[in-house]
Amino acid sequence: MTVHRGLKVVVAVLILVAPLLVAAQSSSPLIYTVSLAHPGNHLVHVIMQLGPGTSERELQLPVWTSLYQVRDFSQNIDWVKAANLSGQALPLRKVDKSRWKVSGATNGAAIADGQAVITIKDDDVATTHHAANDFNGDGISDALFMNSSGKVALWELNGNHIDQNATVGSVPAGWHVDGIADFGNDGKADILMHNDSGKVAMWQMDGNHIASNTTVGSIGSDWKVIGADDFNGDGKADVLWQNSAGKVAMWQMDGDHVASNTTVGSIGSTWHAAGTGDFDADGKADILWQNDNGKVAMWQMNGDHIDSNTSVGSAAGWKVVDTGDYNHDGHADVLFENAAGKVAQWQMDGDHIEQNLSVGSHTTDWHHV
């Protein structure tokens with residue numbers, strides 16, 4: 001669990017709801033592991049390990065009626081996720097902003113939140129997720145650059161300070177960087193690329209060092225990467241592809257190995273992938289689409305299976321430019337920009353628009369990147 005608290009750190013520990021714990025009691029104690037992961041950034045890492053018991057457990061943030069209210073803690077929880085040792089995700093459902101239900105925990109479970117340093121375990125477990133574009137595993141996003149000659153450089157960041165400015169390597173002519181994501185579940189972002197002939201390669205990274213440079217596979221030249229995200233909840237990023245005919249495919253990854261290559265579905269040529277993100281807070285990335293006419297749709301995913309295909313809304317004259325959890329509720333949201341420089345946001349709960357907000361505006365010579 002990662003808690004941000006300015007000058008002091010308050011640890012908001014998930015606890016089992018007492019009535020549901022009664023049937024799950026065993027001789028195994030509850031074990032809390034608390035570590036000061038990054039003192040300078042006020043990050044506390046908390047793991048709660050549950051012993052064997054009933055399959056379904058309910059988890060709740062502690063509630064007080066005085067100064068420390070539920071909302072104070074919940075705003076620091078990005079998402080919660082569970083998996084067993086074999087890498088299979090345990091079903092986890094967010095009941096409300098302060099309660100979660102985990103199923104399949106007969107053999108025990110361990111819980112923590114999902115921003116920066118995140119570890120979710122089961123007696124059988126071990127899944128870790130980290131901040132986006134974090135190449136050195138310190139829980140802080142870094143910045144990757146490439147120049148016109150293909151040289152790649154990395155700024156390892158600490159807030160707005162460049163801790164290290166290093167040359168990473170060089171991308172050969174004809175190769176293109178397609179995505180940055182943690183494919184190996186080691187808490188460090190990796191780099192996916194492919195060339196004009198359809199070959200796909202990966203740099204598995206350790207900070208600014210290329211730990212492994214491998215060929216991943218090959219795909220037809222009419223396919224392009226439209227997303228790199230964790231669609232099956234195993235903590236390892238997968239690769240989403242779309243071809244010119246609108247067919248969508250997925251490589252479920254295990255590091256630089258394609259564990260599964262499947263067809264996901266098909267979408268018309270007027271629809272374009274606008275982004276990926278965990279919109280329903282189930283620990284699995286979903287896919288956001290936008291049509292040329294401005295309509296927005298969503299595929300809520302469970303691995304390579306489309307659990308739900310829904311129309312979200314319409315935004316004629318606006319373009320989706322990014323997705324991310326902008327209000328810190330554990331659900332990905334949608335950022336829009338129009339030709340006049342206005343910026344707006346849909347705050348989401350699954351495929352439902354909870355709020356449609358104006359964010360601000362800028363002159364037309366600026367564009368979101």
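For the range 314-321, indicate whether the set of residues that are open to solvent by 10 Å² or more (accessible area, probe 1.4 Å), of a type in the set (Ser, Thr, Tyr) and closer than 25 Å to Asn133 by Cβ is non-empty. No. Filtered by the rule that a residue be assigned to a loop (DSSP other than H, G, I, E, B) and in contact (Cβ under 8 Å) with a residue 60 or more places away in the chain, the range 204-230 gives Gly207, Asn208, Asp230. Evaluate the following for Val359: is it touching a His at 6+ places or on another chain (Cβ under 9 Å), open to solvent by 30 Å² or more (accessible area, probe 1.4 Å) and not charged (D, E, K, R)? Answer is no for this residue. Assessment of the range 246-257 against the conditions (touching a residue at least 40 places away in the same chain (Cβ under 8 Å) and of a type in the set (Val, Ile, Thr)) yields no matching residue. Just one of (1) in contact with a strand residue (DSSP E or B) (Cβ under 6 Å, 6 or more places away or on another chain); (2) of a type in the set (Ser, Thr, Tyr); (3) closer than 26 Å to Val369 by Cβ fails for Ser266. It is (3). Has the range 294-306 got any residue that is assigned to a strand (DSSP E or B), in contact with a Gly (Cβ under 6 Å, 6 or more places away or on another chain) and open to solvent by less than 50 Å² (accessible area, probe 1.4 Å)? The answer is yes; a qualifying residue exists. Regarding Ile191, is this residue in contact (Cβ under 8 Å) with a residue 24 or more places away in the chain, open to solvent by 40 Å² or more (accessible area, probe 1.4 Å) and not aromatic (Phe, Trp, Tyr)? So Ile191 fails the test. All conditions in (1) within 20 Å of the chain's Cα centre (by Cα); (2) surrounded by 20 or more Cβ atoms within 10 Å (Cβ to Cβ) hold for Val200, with the sole exception of (1).
The values are calculated or read from the model by the stated rules, or taken from the named source; none is laboratory data. Values in this document were obtained by computation on a predicted structure and should not be read as measured data. As a convention, Cβ positions derive from the backbone with ideal geometry for all residues, glycine included, and neighbour counts pool all protein chains shown. Quick note on the areas: whole protein, heavy atoms, side chains included, nothing else; ligands and nucleic acids left out. Shrake-Rupley method; radii C 1.70, N 1.55, O 1.52, S 1.80 Å.
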